[in-house]
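Visitor: Here it is, the structure, as structure tokens.
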Amino acid sequence: MGRDVIIACDFPSAEQTLAFLDRFEGEKPFVKIGMELFYGAGPEIVREIKARGHKIFLDLKLHDIPNTVKKAMNVLSRLDVDICNLHAAGGAEMMRAALEGLTRPDGSRPLLIAVTQLTSTNQETLENELLIREPMEQVVMSYAENARNAGLDGVVCSPLEAERVHSRCGAGFLTVTPGVRFADGDKGDQKRVMTPAQAKAIGSDYIVVGRPITAAADPVAAYQRCCAEFIG
Ligand code: C5P
């Protein structure tokens, strides 16, 4: 899989999601299914979108004891998604167990990436609530290295961190980056944003784009603009 635009389908129901995807007619964008849609519509929505020919990033951010994550990943491996994720904060043993659970009997598996630090966490939260004294940047890089050492394929990170993650963990270690906005677009609640062209220049492998596409007057045109800027 090369560089691509992943649409965050943050809709509450299967009906709304499928109606949105119907607008793309011949095109088959890469789709992100998060907790809201998965918990609301169940695994059937994953099968339905897959059957329509889309690639899927299942963004469920698992974080539990290694045995539980291994078993949950084993269930997810049967859904035939392309990318799954978990929290690097669960530790190396949990990440290795997740990889084991995700690997099918024939040796194939979806890509597995780790969330380093949520962008909703800031330095103050790290220090006062999580009791982590190191600077955020160092924590993110250290978690990314833990994920790489555990055998994972990449991380979800801010586009601002993508370049450093690549230099620390290797060019082949995937960076999947949300927080993308058009230069003339509304930032919404995202604070640190980049345009698709800037994310390309900095070396993001995948950008995750929600509202700039899903809330656009013409989502198909917005998706195509994103692809033109990011993939070229
Ligand atoms: O609408 P918007 O483009 O902001 O959507 C971004 C998507 O990426 C959402 O699904 C959001 O949950 C997700 N995300 C994020 N920041 C992170 C991790 C995931 O915005 N650090």
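Visitor: ³J(HN,Hα) across region 209-221 via Karplus (A = 6.51, B = -1.76, C = 1.60, θ = phi - 60°), whole Hz, x for Gly/Pro?
Guide: So the Karplus estimates, Gly and Pro as x, are 10, x, 4, x, 9, 5, 9, 6, 4, 10, x, 5, 5 Hz.
Visitor: Pop out the carbon and sulfur fraction of the accessible area of the chain as a percent, whole number, probe 1.4 Å.
Guide: Using a 1.4 Å probe with all protein chains present, the chain comes out at 49 percent carbon and sulfur.
Visitor: Take the Cβ-Cβ distance between Arg78 and Leu18 as r, set R0 to 22 Å, and report the resulting FRET efficiency rounded to the nearest 0.05.
Guide: 0.55
Visitor: Follow-up. Given H placed 1.01 Å from N in the peptide plane, which residues other than close sequence neighbours of Val31 have an amide H under 5 Å from its amide H?
Guide: Under 5 Å from the amide H of Val31: Ile7, Lys55, Ile56, Phe57.
Visitor: Shifting gears a bit: Residue by residue through region 122-136, which ³J(HN,Hα) values in whole Hz follow from phi under the Karplus form 6.51 cos²θ - 1.76 cosθ + 1.60 (θ = phi - 60°), with glycine and proline marked x?
Guide: 10, 4, 5, 4, 4, 6, 8, 10, 8, 6, 9, 8, 6, x, 3
Visitor: Put +1 on the Cβ of every Lys and Arg and -1 on every Asp and Glu Cβ in the chain; which of Ala221, Ala41, Tyr206 then has its Cα farthest towards the positive end of the dipole?
Guide: Tyr206
Visitor: Still on this structure, I have one more. Quick one: putting +1 on the C-beta of Lys and Arg, -1 on the C-beta of Asp and Glu, what dipole do you get for the chain around its Cα centre, in Debye to the nearest 20?
Guide: That gives the chain a dipole magnitude of about 420 debye.
Visitor: Using packing as a proxy for protection, rank 43-52, 185-194 so that the peptide with the highest average count of other Cβ atoms within 10 Å comes first.
Guide: Ranking the peptides 43-52, 185-194 by packing returns 43-52, 185-194.
Visitor: Where the centre of each part is set by its Cα atoms, how far does region 180-216 sit from region 109-161, in angstrom?
Guide: Each part's Cα centre sits 20 Å from the other's.
Visitor: With a 10 Å cut-off between alpha carbons and a GNM built on the chain, which of Leu62, Leu130, Leu18 moves the most?
Guide: Comparing Leu62, Leu130, Leu18 in a Gaussian network model of the chain, the most mobile one is Leu130.
Visitor: Hey, what's the chain come to in accessible area per residue, 1.4 Å probe, Å²?
Guide: Here the residues of the chain average 47 Å² of exposed surface.
Visitor: For Val115, which sequence-distant residues (separation of 5 or more, or a different chain) have an amide H within less than 5 Å of its own amide H, given hydrogens modelled in the peptide plane?
Guide: Under 5 Å from the amide H of Val115 lie the amide H atoms of Leu86, His87, Ala88, Val156, each far enough along the sequence or on another chain.
Visitor: Enumerate the calculated ³J(HN,Hα) couplings along region 64-70 in order (Karplus 6.51 cos²θ - 1.76 cosθ + 1.60, θ = phi - 60°), each rounded to whole Hz, writing x wherever the residue is Gly or Pro.
Guide: 7, 5, x, 5, 5, 5, 4
Visitor: Counting only residues 5 or more places away or on other chains, whose amide H sits under 5 Å from the amide H of Gly179 once H atoms are built in the peptide plane?
Guide: none
Visitor: Counting only other residues whose beta carbon sits under 11 Å from that of Cys9, what net charge do I get with K and R as +1, D and E as -1?
Guide: Once all neighbours under 11 Å are counted, the net charge is -2.
Visitor: Which log10 I(q)/I(0) values does the chain give at q = 0.07 Å⁻¹ under the Debye formula, counting every alpha carbon as one identical point scatterer?
Guide: Each listed q corresponds, in turn, to -0.21.
Visitor: Here's something else I'd like to know. Given the protein chains as shown and a 1.4 Å probe, how many square angstrom of Arg164 are accessible, to the nearest 10?
Guide: Arg164 exposes around 100 Å² with every protein chain in place.
Visitor: For each pair in Lys50/Lys70; Lys71/Lys191; Lys55/Lys200; Lys70/Lys187; Lys32/Lys191; Lys28/Lys191, compute the distance between the two Cα atoms and list the pairs where it is over 25 Å.
Guide: Check vs 25 Å cut-off fails for Lys71/Lys191; Lys70/Lys187; Lys28/Lys191.
Visitor: Cβ neighbours within 10 Å, averaged per peptide: list 131-138, 143-150 in order, most packed at the top. Spell out each step's value before the answer.
Guide: Values: 131-138: 12.6, 143-150: 19.8.
The densest-packed peptide leads the list: 143-150, 131-138.
Visitor: From the P(r) of region 59-132, can you give the percent of Cα pairs sitting at distances over 13 Å?
Guide: So the portion of pairs separated by more than 13 Å is 65 percent.
Visitor: If Lys and Arg each add +1 and Asp and Glu each add -1, what is the summed charge of the other residues whose beta carbon sits under 13 Å from the beta carbon of Pro135?
Guide: -3
The values are calculated or read from the model by the stated rules, or taken from the named source; none is laboratory data. Small disclaimer: the values here were computed from a predicted structure and weren't measured. FYI the Cβ positions are ideal-geometry reconstructions off the backbone, even for glycines, and counts take in every protein chain you see. Heads up: the accessible areas ignore ligands, DNA and RNA and are worked out on the full protein's heavy atoms, side chains in. Shrake-Rupley method; radii C 1.70, N 1.55, O 1.52, S 1.80 Å.
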